[in-house]
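Written below as structure tokens is the structure these notes are about.
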Amino acid sequence: MEGSALVYKITGEEYQTLMKAGYDDLRHTQLFTADTEKITGLEITLDGESYTLTAKGEDNIFLTGEEEEELEGDDLVTALTALNLDSFTDQAADGQEEIRIKVLLDSETHPSMEIVLNRYDGESCLAQVDGQTVGLLPRSQAVDLMEAVNALVL
């Protein structure tokens, strides 16, 4: 179709919405954006305890400890991928650290990603990715992640 041009038609309302869009409207809200099949391990700090889990294959099976006990991590991966921001901010974290999770990835360009969730108030947690504050998410999501970790390692 050489010589033809694509024409996009939008309504006046769609045009107004598009013109009002700001930077934050175009940002993704999901914290963990990597392919879960690329996870090779997890380094987790929760309640002052540190845990190291090694991924075994692509079925969310993790090995822990010297005994290399196999643990089924579907709930953990689901909670990790469910972390979504309600709003964006660059505010410095000053609340209690809820959980720190470093995800090791099979990737030359991004071999790891660290997510830190700090208590902001009773309803929200302040999220940092690789040391940079990105926004607020519902504290219930942080609780789901912490419960999934506890179910796996305790």
Quiz item: Taking the chain as a Gaussian network, where each spring joins two C-alpha atoms under 10 Å apart, which residue of ILE101, ILE115, ILE61 fluctuates the most?
Solution: ILE61
Practice problem: Name the most mobile residue of ALA79, ALA127, ALA142, meaning the one with the largest mean-square fluctuation, in a Gaussian network model of the chain with Cα contacts below 10 Å. | Solution: ALA79
Quiz item: For the stretch 28-153, max minus min Cα coordinate along each principal axis, in Å, sorted largest first?
Solution: 40, 31, 19
Quiz item: From the phi of every residue in the stretch 95-107, what ³J(HN,Hα) in whole Hz does the Karplus formula 6.51 cos²θ - 1.76 cosθ + 1.60 yield, where θ is phi - 60° and glycine or proline is x?
Solution: x, 5, 6, 8, 7, 10, 9, 9, 9, 8, 10, 7, 8
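Just add up the charged neighbours of ASP106: K/R +1, D/E -1, any other residue whose Cβ is under 12 Å from the Cβ of ASP106. Walk me through the intermediate numbers first.
Values: positive: LYS38; negative: ASP35, GLU37, GLU58, GLU108.
My count for the surroundings of ASP106 gives -3.
Can you give the charge dipole size of the stretch 28-153 about its Cα centre, rounded to the nearest 20 debye, using +1 on the beta carbon of Lys and Arg and -1 on the beta carbon of Asp and Glu?
On the way: 6 positive and 28 negative charges, 101 e Å.
That gives the stretch 28-153 a dipole magnitude of about 480 debye.
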Exercise. Please quote Rg/Rh for the stretch 99-154 to two decimal places, taking the Kirkwood radius as Rh and restricting both calculations to Cα atoms.
Key: 1.03
Quiz item: Who wins for biggest fluctuation among SER50, SER87, SER124 in a Gaussian network model of the chain, springs between alpha carbons below 10 Å?
Solution: SER50
Quiz prompt | Amide H contacts of LEU85 (H built 1.01 Å from N, under 5 Å, at least 5 apart or other chain) | solution = GLN30, LEU31
Exercise. Let me have the relative contact order for the stretch 30-154, percent, based on Cα pairs under 8 Å that are six or more residues apart.
Key: 25
Quiz item: Within straight cross-link reach of LYS20, meaning Cα distance under 14 Å, which aspartates and glutamates are found once same-chain residues fewer than 8 apart are removed?
Solution: none
Exercise. Using θ = phi - 60° and the Karplus relation 6.51 cos²θ - 1.76 cosθ + 1.60, list the HN-Hα couplings for the stretch 51-64 in order, rounded to whole Hz, with x at every Gly or Pro.
Key: 10, 10, 10, 10, 6, 10, x, 10, 9, 6, 9, 10, 10, 9
Quiz item: Using modelled amide H (1.01 Å from N, peptide plane; none on Pro or chain starts), what sits under 5 Å from the amide H of LYS56, excluding residues fewer than 5 places away?
Solution: ILE61, PHE62, LEU63
Exercise. Go ahead and estimate [θ] at 222 nm for the chain from helices alone: -39,500 (n - 2.57) per DSSP H run with n ≥ 4, summed, over the residue count, rounded to 500.
Key: -6500 deg cm²/dmol
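Read-outs: derived from the displayed coordinates by stated rules, not from any lab. These figures come from a predicted structure and were not determined experimentally. Note that we place each Cβ from the backbone using ideal geometry, even for glycine, and neighbour counts take in every protein chain shown.
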